[in-house]
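Data first, discussion second: the structure below is written as structure tokens.
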Amino acid sequence: MKKLSRKTVWLLLAVFVFTAGSGFSARRSAALPAVGETVSGFRVDRVERLDTPGGRAAYLTHEATGAALVYIEDTGAAPALTIAGRTPDGLRRVTLTADSAGELLRGAKESLGAFFGAETEAVPDADAAYRAFLGCLFPGSDAAGNGAGPVSAENMLAVVCADADGAEDILSWLDGVFSAADTGKALAPDAAYRRMDKPVKETAPLAADATGGVYFGIVCPRAGEWTRVRLAALAAALERTGSLLDKSVCAVLPDAETVCGTASAGADAAIWFFAPGLEEKDAEVFRDAVLAALRAAAETGFSAQAIETLSAAQRLEELTFPEREDLGAALCEGFAAAWAQGDASGYPAQLRERWSAAAYLADGSCTEAVREELLTSTLTALVTVAPAPLREPEPAPEATPEPAEEAAPT
């Protein structure tokens, strides 16, 4: 056997001393227990490496209540915490961020005390227009509700993004929070959802200071994973400047800007389109422009330039995703959104699919989804969300003049 040189021996010894003294060792990745073990009342059910942004995610269950927990570590992101709850009135969710795990815990203790009370509504007012639309597209779905009702422990999720060395204190606090919460019946995702049976056209009123516009959505009943993935790819392609959708809408509504997205409820999935600022008189024009763009996609597919543009944008997004300033919050909210749909562990796969959207344009499967799923669906919702007009303040009542005093007799 070849002997190690003295220089190599000293180098190995130096590395050992550094790692042992600094704590930079395998223990950092093993701070949370192994699968099947428990920490602070939580049982580790599964652990997986995250391809992007790196690090790993542990999926845990609170043994006393059944509440769910996702712990994300070793990503280099600023600490963040999302707590979500499923209530009879819809979903409730709030996210906090901080510069350190200790600061995150202090902030959570100070600001989340009323989260589980019936009087709390965690959905911000900025989502009111979208929730009003979902109420027409997916009546009774969790996402359409405002989450203002009470939430029990069985219907809770916490997602924590922090270094593993801060796990014990955070998990101990969450153990107390979940244990102190009311218990009740576990609610299935979208238990109250009922699929529409005909096209819907509605006007939904909003608060006076909200942003209005026109939504148009198409529902694909009993959509499998194949359809859901391609709807997401289609939305990514169509919302880009210069896309088929952009050209079709701007041809009839020159000042309109269109946003696309996808949503799901129960076994159904949908793609939706939103043009902020449009009024009810523009609604049918907008809908027809969207359908014209979809028919063009079904007939001609997507150009090589459109595919390459989307592919380049997605490569850039994937490369820069780990450098996002809000990375911790984005990860927490992504896992929470996947949990709301039924499975928090589905989020990493959703990320990978999001960055592969261009491939589904190139292989023609998005075109197939448009032709076979969207253009044949009769389940559509055209919804104008309109802020209520400001009420003029009522004029103050005029003061009644007091009768003049009579002069005393002389």
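Coordinate-derived values only; no laboratory data. On a predicted model such as this, the values are computed, not experimentally measured, just so you know. Cβ: placed from backbone, ideal geometry, glycine included. Neighbour counts: every protein chain shown.
As a rough guide to protection, the peptides 225-231, 129-135 ranked by mean Cβ packing within 10 Å, highest first, stand as 129-135, 225-231. Three principal axis extents describe the C-alpha atoms of segment 334-388; from largest down they are 38, 33, 19 Å.
Sorted from greatest to least, the principal axis extents spanned by the alpha carbons of segment 121-200 come out as 53, 28, 19 Å.
Note on segment 167-221: Rg/Rh from Cα positions, Kirkwood definition for Rh, rounded to two decimals, is 1.21. At q = 0.14, 0.16, 0.19, 0.23 Å⁻¹, what log₁₀ I(q)/I(0) does segment 320-361 have when each alpha carbon counts as one equal point scatterer in the Debye sum? Cα-only, vacuum Debye calculation for segment 320-361: -0.36, -0.46, -0.63, -0.82.
A straight Cα-to-Cα reach below 15 Å connects LYS201 with the aspartates and glutamates GLU279, GLU280, ASP282, GLU284, ASP288, residues fewer than 8 places away in its own chain not being considered. Using equal-weight Cα scatterers in the Debye expression, the normalised intensity of segment 56-200 in log10 at q = 0.15, 0.17 Å⁻¹ is -0.78, -0.96.
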